[in-house]
Every structure is written in structure tokens, then in C-alpha cells.
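This report refers to the structure that appears directly beneath it.
The values are calculated or read from the model by the stated rules, or taken from the named source; none is laboratory data. Predicted, not measured: the structure shown is a model, and the values here were computed from it. As a convention, Cβ positions derive from the backbone with ideal geometry for all residues, glycine included, and neighbour counts pool all protein chains shown. Areas reflect the complete protein model, heavy atoms only, side chains present, ligands, DNA and RNA absent. Shrake-Rupley method; radii C 1.70, N 1.55, O 1.52, S 1.80 Å.
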Amino acid sequence: MAKLLIVYHSRTGGSRQMAEAAFETARRETTTELKPAADAGPEDLFQADGYIFCAPENLAAISGVMKDFFDRCYYPVLGKIEGRPYAQMVCAGSDGENAVRQTARIATGWRLKVVQEPIIICTHAQTPEAILAEKHLGEEDLKPCRNLGQAFGAGLSMGVF
């Protein structure tokens, strides 16, 4: 059976909730692993047939822990995971577009195949207190993440990708 790897980082809970929502539905369709970016490495990428990357946007960039994951894995897997499908989700305070661009550039370097437009959930956190506060995403925010997990898992399982 095909395997989906969901790699995420979350400091205040928003991205974790998004990743968990995708995992919840994906695992009904195919073998799925949910792994924090700090614990994920090249072997995890090698063992999966597709990927969902989920991280917050911090200071108009992907979070440092997610960037560290990409830094640690980039060269060891370069040229060895080409053509595999991926999607991404971003939890942002106001925009999220730059984090999307950064992840897409990395995925392009790996020659991954994007299978869905990125999901950006905007929390509208603009003050230091709101930015640092624990996030509580509602069902309307999590629904696209669940849909992504279900569709990606089913697509991998059926060999669509």
C-alpha cells in the first residue's frame, strides 16, 4: 500500500491542528505517518510515496524548524524522490504567500509534483499576544485540511499520482 508522509511544525497549535485534520482522513485511505519536522529526516522521505508539508509562516517565511527539516533533507534526497506528489498547508497571521513560495521552490528543486493548490489558513493574529497565543482553529478552517488528506490519501491508494 502507498504511504503518505505528513511533516509539520507548530509552535502555537494552528499548523498541528491542520496536519492532524489531514492525517485523520488520509489514514482512512492509505498508510499515513504524521511526523513533527524536528523528528523527520531523509529516511522518512525515502519511505513515503507522497508528502504533505504543513508549517506556520513566521516573519514572512516558513518557520525555522520546518526550514531546518528541508535543510537537513535537501541534499541527501536530491535526485532520489523525483516525481513524487506533494501538497502544502500554511497557518499564517495575515498572508502566508511567501511561506508557500519557499516550500514550492524547495519542492521544485526536488522535482516533486504538486497535486493541489496550497491551503493557507489565516488566523488574523496581529499583536504579539495574539501571535504567541495558542491557536484554536474552527471546523470551517479545518475542513479544507480534512478534504486534502482524504483526497491525497485516496489518490495515492488508487495510483492516481
Original post:
Ordered by residue, what ³J(HN,Hα) values in Hz, to whole numbers, does region 125-131 give under the Karplus form 6.51 cos²θ - 1.76 cosθ + 1.60, where θ = phi - 60° and Gly and Pro are x?
Top reply: 6, 10, 9, x, 5, 5, 5
Original post:
Under a GNM of the chain (C-alpha, springs under 10 Å), which listed residue has the highest mean-square fluctuation: G138, G14, G93?
Top reply: G138
**OP:** For the chain, find the longest principal axis of its Cα atoms and tell me its angle to the long axis of helix 14-26, 0 to 90°, nearest 10.
**Re:** 30 degrees
**OP:** Could you please state, rounded to a whole Å, how far the C-alpha centre of region 113-128 is from the C-alpha centre of region 39-95?
**Re:** 15 Å
**OP:** Could you tell me how many degrees, from 0 to 90 and to the nearest 10, lie between the Cα long axis of helix 139-158 and the main elongation axis, the longest principal axis, of the Cα atoms of the chain?
**Re:** 10 degrees
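Show that you can apply the helix-only estimate: for the chain, add -39,500 (n - 2.57) for every DSSP H stretch of four or more residues, divide by all residues, and state [θ] at 222 nm to the nearest 500. Provide the component values of the computation, followed by the final result.
On the way: 6 runs with 71 residues, N = 161.
Only helices count here, giving -13500 deg cm²/dmol.
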Subject >> Those chymotrypsin sites (Phe, Trp or Tyr not before Pro) in region 28-131 that DSSP places in a loop and that have at most 12 other beta carbons within 10 Å >> reply: none
Original post:
Of the heavy-atom accessible surface of region 1-110 (probe 1.4 angstrom), what whole percent is carbon and sulfur?
Top reply: 47 percent
Original post:
Against the longest alpha carbon principal axis of the chain, how many degrees, from 0 to 90 and to the nearest 10, is the axis of helix 64-77 turned?
Top reply: 20 degrees
Original post:
What are the ³J(HN,Hα) values, in whole Hz, obtained from phi via the Karplus relation 6.51 cos²θ - 1.76 cosθ + 1.60 with θ = phi - 60°, for each residue of region 98-107 in sequence order, with x given for Gly and Pro?
Top reply: 5, 4, 4, 4, 4, 5, 4, 5, 5, 4
Subject >> Amide H contacts under 5 Å for T32, placed H, 5+ residues apart >> reply: L4
**OP:** Of the listed values (i) 12, 44, 35, 8, 0; (ii) 10, 30, 23, 17, 12, 6, 1; (iii) 10, 38, 40, 11, 0, grab the one calculated as P(r) over Cα pairs in 10 Å bins from 0, in percent from the structure here.
**Re:** (i)
